[in-house]
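Trainee: Please see the structure below; I have some questions.
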Amino acid sequence: MTETSNSAYEEAKKIATDGDIETRRQLAADQSAPPEILYYLATDESLPVRKAVATNTATPIQADFILSNDGEASIRMDLASKIGTRLGYLDDEVDSALYSKVNKVLGNLITDQLHTVRAIVAEEVKRLDNVPKGVISKLARDAESAVSVPVLEHSPLLEDVELIDIITEGVRDDALTAIARRQDLDGKVSDSVVQTGRLDAVEALLGNQSAEIRPSTMSGITELAADHDALHRPLADRDDLGEPVLRRMAEFVGGAIVEELIGRYPLSATAQDQLRSAVRDRIKTAEFGKVDDAEQRAETCRILLADDDSTMRTLIRQIIESSLVADVTVVDDGDKALAYIDEGRKFDLIICDWMMPNMNGIDFLRTLRGRGDDIPFVMLTARKDVDSIVAAQNDGVDAFIAKPVTAQEIESKLRVLLREKIGPDI
């Protein structure tokens, strides 16, 4: 030790033993402070001093071990926050003795009586691969969700066999959901999640596009979804549904969802017709057990659709007829739509494109409202400017459907406007 360094050491030693609290705290926070001094300050009577030692990344591991048993919770919390950083810097070339010392500190922290300390550790180590597996296993089985969930969802050290064991042993709903969210979840683990029958976890599994879900498991989920509406949308959002699953879904999901599936999956024309037919048959025969009068009300729905785009007319008509039992009359401009009404035809709702030849949607609407006709009017439009939308609302538009249209939006808007006709549950 040089004369200069010896002088600095003696000065630090004097501060540690005789300095005031603030001077000792500054010394404890100094990353260039001698390790022996930091070790000494780890037992300082002053809380601010010990906290400074706990947060100092240069603190020797022996001092961290002392602090891991400190009676002040905030000290242990600070230490828990630092442990991930310390582990992150360790690699295979580090002396095994140092690993052992770090792991002793970790062992104290993961058994801390205060769950907040354990939770901080879990957050710090959840993505690390150089943590002892025993530590991860203990955190994964912790009774507190704040501790177990981060590790169960993210730790690369949890193998499939252990995950299945954890599920089999019995696990809280939020912990099971965390497993279901794991990246690249193996099919065997997915099976175990589904076998629990817990809806939140199954919904999370469906939302995890990286999870492997075997065909047999997907069939089981589909049967579960048949009795639980909450699973309809997550199931429909999957990108790996087989045709048998799609056919089964058509027997219980809404028509809008079926149309979305048809649009996303490369199905033959025959398969598409089968799915739409299943929806229509279900509605007509009231397989959901709706009361007869509600079904009869649905059969009275008369809709006038005006759009100059033949492809758009066909698409919207298919969506409506697969979602509702309705009589859809189609025309290609406002003049023809108005002519039907002038002939005495009665409609429960009008869907009209904004821009059409001869008579556009706005002129058609103004004509109707000028006569005192308050029939529900839905405007199809790609417009986004606020002034035009507000003006159309002032003219009497009841709802807008944005282009490009989606089956979900069409069905939801129509059900709201036609609820008196179709009933709330059809």
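Yes/no per residue for (1) of a type in the set (D, E, K, R); (2) at pLDDT 90 or above:
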{"position": "Val171", "(1), (2)": "no, no"}
{"position": "Leu185", "(1), (2)": "no, yes"}
{"position": "Asp191", "(1), (2)": "yes, yes"}
{"position": "Leu199", "(1), (2)": "no, no"}
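Trainee: While we're here: Which residue pairs have Cβ atoms under 6 Å apart, sit 6 or more places apart or on different chains, and have a first residue in the range 140-162 that is under 10 Å from Ile179 (Cβ atoms) and free of Cβ contacts under 8 Å to residues at least 60 places away in the same chain and a second that is surrounded by fewer than 21 Cβ atoms within 10 Å (Cβ to Cβ) and basic (Lys, Arg)?
Mentor: Note: pairs meeting the criteria are Glu153/Arg181.
Let's see how each residue does on (1) β-branched (Val, Ile, Thr); (2) closer than 20 Å to Val279 by Cβ; (3) in a helix (DSSP H, G or I); (4) not assigned by TED's automatic domain parsing to the domain that holds Ala180:
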site: Gln209; (1), (2), (3), (4): no, no, no, no
site: Glu212; (1), (2), (3), (4): no, no, no, no
site: Ser216; (1), (2), (3), (4): no, no, yes, no
site: Gly220; (1), (2), (3), (4): no, no, yes, no
site: Glu223; (1), (2), (3), (4): no, yes, yes, no
site: Leu231; (1), (2), (3), (4): no, yes, yes, no
site: Leu246; (1), (2), (3), (4): no, yes, yes, yes
site: Phe252; (1), (2), (3), (4): no, yes, no, yes
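Trainee: Anything in the range 44-62 that is polar (S, T, N, Q) and under 15 Å from Gly19 (Cα atoms)? List them, or say none.
Mentor: First, pick out the residues of the range 44-62 that are polar (S, T, N, Q): 46, 55-57, 59, 62.
Selection gives Ser46 alone.
Trainee: Within the range 235-259, how many residues turn out to be within 11 Å of Ser219 (Cβ to Cβ) and either of a type in the set (Val, Ile, Thr) or without any contact (Cβ under 8 Å) to a residue 24 or more places away in the chain (or both)?
Mentor: Count: 1.
Trainee: Restrict the check to the range 79-102 and report whether at least one residue is under 18 Å from Tyr40 (Cβ atoms), at pLDDT 80 or above and out of contact with any Cys (no Cβ under 9 Å at 6 or more places or on another chain).
Mentor: The answer is yes; a qualifying residue exists.
Trainee: Scan the range 299-314 and tell me whether some residue there is buried (at least 18 other Cβ atoms within 10 Å of the Cβ), within 23 Å of Gly263 (Cα to Cα), at pLDDT below 90 and not polar (S, T, N, Q).
Mentor: yes
Trainee: Here are Thr59, Thr43: which of them is in a loop (DSSP other than H, G, I, E, B), surrounded by fewer than 19 Cβ atoms within 10 Å (Cβ to Cβ) and either at pLDDT 90 or above or not acidic (Asp, Glu) (or both)? Walk me through it before giving the result.
Mentor: Working: Thr59 fails: surrounded by fewer than 19 Cβ atoms within 10 Å (Cβ to Cβ).
That would be Thr43, the only listed residue that is in a loop (DSSP other than H, G, I, E, B), surrounded by fewer than 19 Cβ atoms within 10 Å (Cβ to Cβ) and either at pLDDT 90 or above or not acidic (Asp, Glu) (or both).
Trainee: Here's a follow-up. Can we say Arg369 is in contact with a Phe, Trp or Tyr (Cβ under 9 Å, 6 or more places away or on another chain) and farther than 22 Å from Thr314 by Cα?
Mentor: Numbers: in contact with a Phe, Trp or Tyr (Cβ under 9 Å, 6 or more places away or on another chain): yes; farther than 22 Å from Thr314 by Cα: yes.
Yes.
Trainee: Follow-up. Out of the residues in the range 322-344 that are among the hydroxyl-bearing types (Ser, Thr, Tyr) and buried (at least 21 other Cβ atoms within 10 Å of the Cβ), state the one that is farthest from the chain's Cα centre (by Cα). Give the steps one after another, and end with the answer.
Mentor: In the first step, residues of the range 322-344 are kept if they are among the hydroxyl-bearing types (Ser, Thr, Tyr); the result is 322-323, 329, 340.
From what's left, buried (at least 21 other Cβ atoms within 10 Å of the Cβ): 322-323.
Numbers: Ser322: 29, Ser323: 27 Å.
Checking each candidate, the answer is Ser322.
Trainee: Filter the range 107-155 for residues that are in a loop (DSSP other than H, G, I, E, B) and of a type in the set (Asp, Glu); which is nearest to Asp173 (Cα to Cα)? Outline the logic, then answer.
Mentor: Taking the range 107-155 first, the residues in a loop (DSSP other than H, G, I, E, B) are 110-114, 126-132, 141-144, 155.
Keeping just the survivors that are of a type in the set (Asp, Glu) gives 112, 129, 142, 144.
Details: Asp112: 24, Asp129: 26, Asp142: 14, Glu144: 12 Å.
So, considering only residues that are in a loop (DSSP other than H, G, I, E, B) and of a type in the set (Asp, Glu), the one nearest to Asp173 (Cα to Cα) is Glu144.
Trainee: Answer with yes or no whether Ser277 is modelled with pLDDT under 90, surrounded by fewer than 19 Cβ atoms within 10 Å (Cβ to Cβ), under 23 Å from Val258 (Cα atoms) and outside the structural domain of Thr406 (by TED's automatic domain parsing).
Mentor: Details: modelled with pLDDT under 90: yes; surrounded by fewer than 19 Cβ atoms within 10 Å (Cβ to Cβ): yes; under 23 Å from Val258 (Cα atoms): yes; outside the structural domain of Thr406 (by TED's automatic domain parsing): yes.
For Ser277, the condition - modelled with pLDDT under 90, surrounded by fewer than 19 Cβ atoms within 10 Å (Cβ to Cβ), under 23 Å from Val258 (Cα atoms) and outside the structural domain of Thr406 (by TED's automatic domain parsing) - is met.
Trainee: Can you tell me which residue in the range 187-207 is farthest from the chain's Cα centre (by Cα), limited to those that are surrounded by 16 or more Cβ atoms within 10 Å (Cβ to Cβ) and not in a helix (DSSP H, G or I)?
Mentor: Thr196
The values are calculated or read from the model by the stated rules, or taken from the named source; none is laboratory data. Values in this document were obtained by computation on a predicted structure and should not be read as measured data. Methodologically, a virtual Cβ is constructed for each residue, glycine included, from the backbone with ideal geometry; neighbour enumeration extends over all protein chains shown.
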